[in-house]
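Chemist: One structure, pasted below without further comment.
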Amino acid sequence: MLDLSILIVDESGERRAQVGNLLSFVGAAWQQVTEEDLEVAIEAAPVQGVIIGALQQHSLETLLKRYPHTPFLSLVAAQGEQSNFIGVLDAPYDYESLTRALHFIQAFGSLHPREQQHDKGQTLLRLLVGKGKGIQEVRRLIGQVASTEANVLILGESGTGKEVVARAIHELSPRSKGPFVPINCGAIPGELLESELFGHEKGAFTGAIAARRGRFELAQGGTLFLDEIGDMPLQMQVKLLRVLQERQFERVGGGKALDADVRVIAATHRNLEEMIRLQSFREDLYYRLNVFPIETPPLRDRVDDIPLLLQELLGRHTDQHKAWIRLTQRATESLMQYHWPGNVRELSNLVERLLILYPNRIVDVADLPSRYRLLESELPTPEQTEWDEREALAAVFQEPPQIDALPASPMTMQLPPDGINLKEMLADLEIELIRQALESQDGVVARAADQLGMRRTTLVEKMKKYGMTKDL
């Protein structure tokens, strides 16, 4: 399903219906608007694209200039010089041509420089908090390399914040006024990756309904971030190496050489040296990218930073969800004992999940998902209380307390021929023992709990269960 919201405006009801049905089929949300309401609809809602047909009151050229951050796709013959003109969708409309057009609309929205603006030193660096040696070394290396033009290779497990590091380098560099353009080399099929990187001319291949700029062009004057470079096919590695060497490239289907005025930062979770040995990654490209390596430490190696990370993540997600949570010290300590295979990304997901589950509450160990409960809760769960009851009763039968009110050791009791209600008898016994412990300790619950061999919170829960007070 495509995460797109599309407007359709056209005098032809037949065309609107045909395109609308196709959009519904591919899972894209769409809305039909009149020409009179078009501008209001564009400005009032988060629209990812506009499909236009025959218009009477507006010209395509005017719309392209008025809304430069909105991509337009035409259903009738048209021309446009602006980068937000995706092209013409020719009849008969089919699944393949529409899907490709929607892909270009989606790519335009994700790559536009306006979407890459960030508050310097704030949102970009917020996940680089910490006092551990590992994260301090990362910050030091960022400070050293940011002002240079050197290529950077960021290494580390998935979820350790490699893109955060790349954005920090960009924001602290002389190129910070230019765009930061990311591309995940493993998320794009190999046959489309060349077009994504270098762009293509109209008619370069089937479905190329208009010329399109690639990531290198979009990143001119700024930074190109090649995420998961280890997943790039070998044939594309050769072409990328050539661009890095010559600092020029050509669009697919084009013959004009374009300058590559970009800084390249690459990242991977793979072992590139092992891939070189297996001949699945080019050694010459590795050395071209690995001018300045930075390794992001896994979260399990910086557990002392978890309280600071929690504070930062809670602040961010609190604004997003309009709710707050507070983690008990015990819950935080339990999280610090977890091994975090998903690293900071997993921690961020957990914080968001807890905010949804327990808005405006204090979260203890018992509220955490089971995999994160590595310590006993400060507040007992029903299951824990039941377990404590069994332990306490077992202790009573194994080592009877020396209390005068007990007529004899429970081990010497004989079962009556008619049987007994064991549950009621044990409850009565427990009430009597709790009452005597409270009396002997002058109503101090903590000391009574010690005498009975249980936690204070467990004793409090039992007293609530039986309707007892410490004044009994």
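The values are calculated or read from the model by the stated rules, or taken from the named source; none is laboratory data. All figures in this text were calculated on a predicted structure; none of them were measured in a lab. Counting neighbours? That spans all protein chains shown, and the Cβs are built from the backbone with ideal geometry, glycine included. With ligands, DNA and RNA removed, areas are computed over all heavy atoms of the protein, side chains included. Shrake-Rupley method; radii C 1.70, N 1.55, O 1.52, S 1.80 Å.
Chemist: Would you confirm, using the coordinates I've provided, whether Ser83 is farther than 18 Å from Leu226 by Cα, at pLDDT 90 or above, of a type in the set (Ser, Thr, Tyr) and open to solvent by 50 Å² or more (accessible area, probe 1.4 Å)?
Modeler: no
Chemist: A follow-up question, please. Return the only residue of Glu312, Glu376 being within 19 Å of the chain's Cα centre (by Cα) and among the acidic types (Asp, Glu). Explain how you work it out, then say what you get.
Modeler: Details: Glu376 fails: within 19 Å of the chain's Cα centre (by Cα).
The unique qualifying residue is Glu312.
Chemist: Hey, can you tell me all the residues within region 260-279 that are in a loop (DSSP other than H, G, I, E, B) and in contact with a helix residue (DSSP H, G or I) (Cβ under 7 Å, 6 or more places away or on another chain)?
Modeler: Residues satisfying the conditions are Ala260, Val262, Arg270.
Chemist: Among the residues of region 430-472 satisfying the criterion of being of a type in the set (Ser, Thr, Tyr) and out of contact with any helix residue (DSSP H, G or I) (no Cβ under 6 Å at 6 or more places or on another chain), which is nearest to Ala366 (Cα to Cα)?
Modeler: Filtering region 430-472 for residues that are of a type in the set (Ser, Thr, Tyr) and out of contact with any helix residue (DSSP H, G or I) (no Cβ under 6 Å at 6 or more places or on another chain), the one nearest to Ala366 (Cα to Cα) comes out as Thr457.
Chemist: Please find, among Leu38, Leu98, Leu55, Leu60, the residue that is more than 30 Å from Ala187 (Cβ to Cβ), open to solvent by less than 20 Å² (accessible area, probe 1.4 Å) and either in contact (Cβ under 8 Å) with a residue 24 or more places away in the chain or of a type in the set (A, V, I, L, M, F, W, C) (or both).
Modeler: None of the others qualify; the one that does is Leu38.
Chemist: Here is a follow-up. From the set of residues in region 63-75 that are within 24 Å of Asn21 (Cβ to Cβ) and not aromatic (Phe, Trp, Tyr), which is surrounded by the most Cβ atoms within 10 Å (Cβ to Cβ)?
Modeler: Ranking the qualifying residues of region 63-75, first place goes to Pro71.
Chemist: Would you please list the contacts, defined by Cβ atoms under 6 Å and residues six or more apart or on different chains, that run from a residue in region 286-297 that is crowded, with 20+ Cβ neighbours inside 10 Å to a residue that is outside any helix (DSSP H, G or I)?
Modeler: Leu289/Asn151; Leu289/Leu153; Leu289/Ala266; Ile294/Ile154; Thr296/Gly156; Thr296/Thr160; Thr296/Gly161
Chemist: Okay, moving on. Can you name the residue in region 142-157 that is in contact (Cβ under 8 Å) with a residue 60 or more places away in the chain and touching an Asp or Glu at 6+ places or on another chain (Cβ under 9 Å) and, of all such residues, is most open to solvent (accessible area, probe 1.4 Å)?
Modeler: Among those that are in contact (Cβ under 8 Å) with a residue 60 or more places away in the chain and touching an Asp or Glu at 6+ places or on another chain (Cβ under 9 Å), it is Leu155.
Chemist: Has region 329-348 got any residue that is assigned to a loop (DSSP other than H, G, I, E, B), out of contact with any Leu (no Cβ under 8 Å at 6 or more places or on another chain) and among the charged types (D, E, K, R)?
Modeler: no
Chemist: Follow-up. Which residues, taken from region 419-454, are open to solvent by 80 Å² or more (accessible area, probe 1.4 Å) and either in contact (Cβ under 8 Å) with a residue 40 or more places away in the chain or in a helix (DSSP H, G or I) (or both)?
Modeler: Result: Leu422, Lys423, Glu424, Asp428, Glu439, Arg447, Asp450, Gln451.
Chemist: How many residues does region 232-251 contain that are open to solvent by 40 Å² or more (accessible area, probe 1.4 Å) and of a type in the set (A, V, I, L, M, F, W, C)?
Modeler: 2
To keep it simple, each residue is scored yes or no on (1) open to solvent by less than 30 Å² (accessible area, probe 1.4 Å); (2) of a type in the set (D, E, K, R); (3) within 23 Å of Asn349 (Cα to Cα).
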position: Lys133; (1), (2), (3): no, yes, no
position: Arg140; (1), (2), (3): no, yes, no
position: Thr160; (1), (2), (3): yes, no, yes
position: Arg167; (1), (2), (3): no, yes, yes
position: Ser173; (1), (2), (3): yes, no, no
position: Phe180; (1), (2), (3): yes, no, no
position: Ala187; (1), (2), (3): no, no, yes
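Chemist: So, in region 252-267, of the ones that are open to solvent by 50 Å² or more (accessible area, probe 1.4 Å) and of a type in the set (D, E, K, R), which residue ends up nearest to Gly221 (Cα to Cα)?
Modeler: Asp261
Chemist: Output the residues belonging to region 9-49 that are assigned to a helix (DSSP H, G or I), more than 20 Å from Thr99 (Cα to Cα) and within 32 Å of the chain's Cα centre (by Cα).
Modeler: Once the filter is applied, which keeps residues that are assigned to a helix (DSSP H, G or I), more than 20 Å from Thr99 (Cα to Cα) and within 32 Å of the chain's Cα centre (by Cα), region 9-49 yields Ala41, Ile42, Glu43, Ala44.
Chemist: Ok, one more. Mind counting the residues in region 50-74 that are in a loop (DSSP other than H, G, I, E, B) and either more than 37 Å from the chain's Cα centre (by Cα) or among the polar types (S, T, N, Q) (or both)?
Modeler: Of the residues in that region, 8 qualify.
Chemist: Just checking, how many residues over region 413-443 are closer than 13 Å to Lys462 by Cα and of a type in the set (D, E, K, R)?
Modeler: Number satisfying all stated conditions: 4.
Chemist: Further question on the same structure: Mind telling me which of the residues Ala45, Ala28, Ala78 ends up being open to solvent by less than 20 Å² (accessible area, probe 1.4 Å) and either modelled with pLDDT under 80 or in contact with a helix residue (DSSP H, G or I) (Cβ under 7 Å, 6 or more places away or on another chain) (or both)?
Modeler: Details: Ala45 fails: open to solvent by less than 20 Å² (accessible area, probe 1.4 Å); Ala78 fails: open to solvent by less than 20 Å² (accessible area, probe 1.4 Å).
Only one candidate passes the filter, namely Ala28.
Chemist: Scan (1) over 21 Å from Met232 (Cα atoms); (2) out of contact with any helix residue (DSSP H, G or I) (no Cβ under 6 Å at 6 or more places or on another chain); (3) among the aliphatic types (A, V, I, L, M); (4) modelled with pLDDT under 85 for the single condition Ala107 breaks and write down its number.
Modeler: Against the list (1) over 21 Å from Met232 (Cα atoms); (2) out of contact with any helix residue (DSSP H, G or I) (no Cβ under 6 Å at 6 or more places or on another chain); (3) among the aliphatic types (A, V, I, L, M); (4) modelled with pLDDT under 85, Ala107 comes up short only on (1).
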